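Derivation of every value follows stated rules applied to the coordinates shown; laboratory data play no part. Given the structure is predicted, the values throughout are model-derived calculations rather than measurements. Don't worry about glycine lacking a Cβ; one is built from the backbone with ideal geometry, like all the others, and counts go over all protein chains shown.
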Amino acid sequence: MIKRGKIDELIKLLQLLSVAYISLANCESLKEYKDLVIIKFLQTEPIRKLKRLSKIPCITLTVPVNKNGNYDDIIGIEKFNDVYTLVGGINQPKKVKCLCSDGISRDQLV
């Protein structure tokens, strides 16, 4: 059974991650960045402050359902790179890399 304190902590971490993703998604990329391969995050971007989110699963991985409700062995997010790339498109999606708790860096599309 999951204790209330654990749930509260997960909710807080998920809220921080959601705010950071939304802020990045809404970030206007300047036209001069269009041809750049790598763009550095602004100092004010909330995603730069996120670290040690290992209790939050990497959203691009499938987490199998566990019948006993024990998810202690999930692959979580450790940190995000300080840069992103534009992938093209009208909504200006951005590709960021996150380092996961298993040591593998994975792409996230925001």
Subject >> Cβ-Cβ under 9 Å pairs, at least 6 apart or on other chains, region 37-49 side exposed (fewer than 12 other Cβ atoms within 10 Å of the Cβ), far side in a loop (DSSP other than H, G, I, E, B) and not basic (Lys, Arg) >> reply: 42/27
Original post:
Consider residue 83 against the criteria (1) aliphatic (A, V, I, L, M); (2) within 18 Å of residue 10 (Cβ to Cβ); (3) assigned to a strand (DSSP E or B): it satisfies all of them except one. Which criterion is unmet?
Top reply: (2)
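Going by what's in this entry, would residue 59 be described as in contact with a helix residue (DSSP H, G or I) (Cβ under 8 Å, 6 or more places away or on another chain) and under 17 Å from residue 14 (Cα atoms)? Before you say what the answer is, go through the steps one by one.
Numbers: in contact with a helix residue (DSSP H, G or I) (Cβ under 8 Å, 6 or more places away or on another chain): no; under 17 Å from residue 14 (Cα atoms): yes.
No, not satisfied.
To keep it simple, each residue is scored yes or no on (1) part of a loop (DSSP other than H, G, I, E, B); (2) surrounded by 12 or more Cβ atoms within 10 Å (Cβ to Cβ); (3) in contact (Cβ under 8 Å) with a residue 60 or more places away in the chain.
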residue	(1), (2), (3)
12	no, no, no
21	no, yes, yes
56	no, yes, no
77	no, yes, yes
99	no, yes, no
**OP:** Could you pull out the residue among 12, 51, 95 that is in contact with a Lys or Arg (Cβ under 9 Å, 6 or more places away or on another chain) and basic (Lys, Arg)?
**Re:** 51
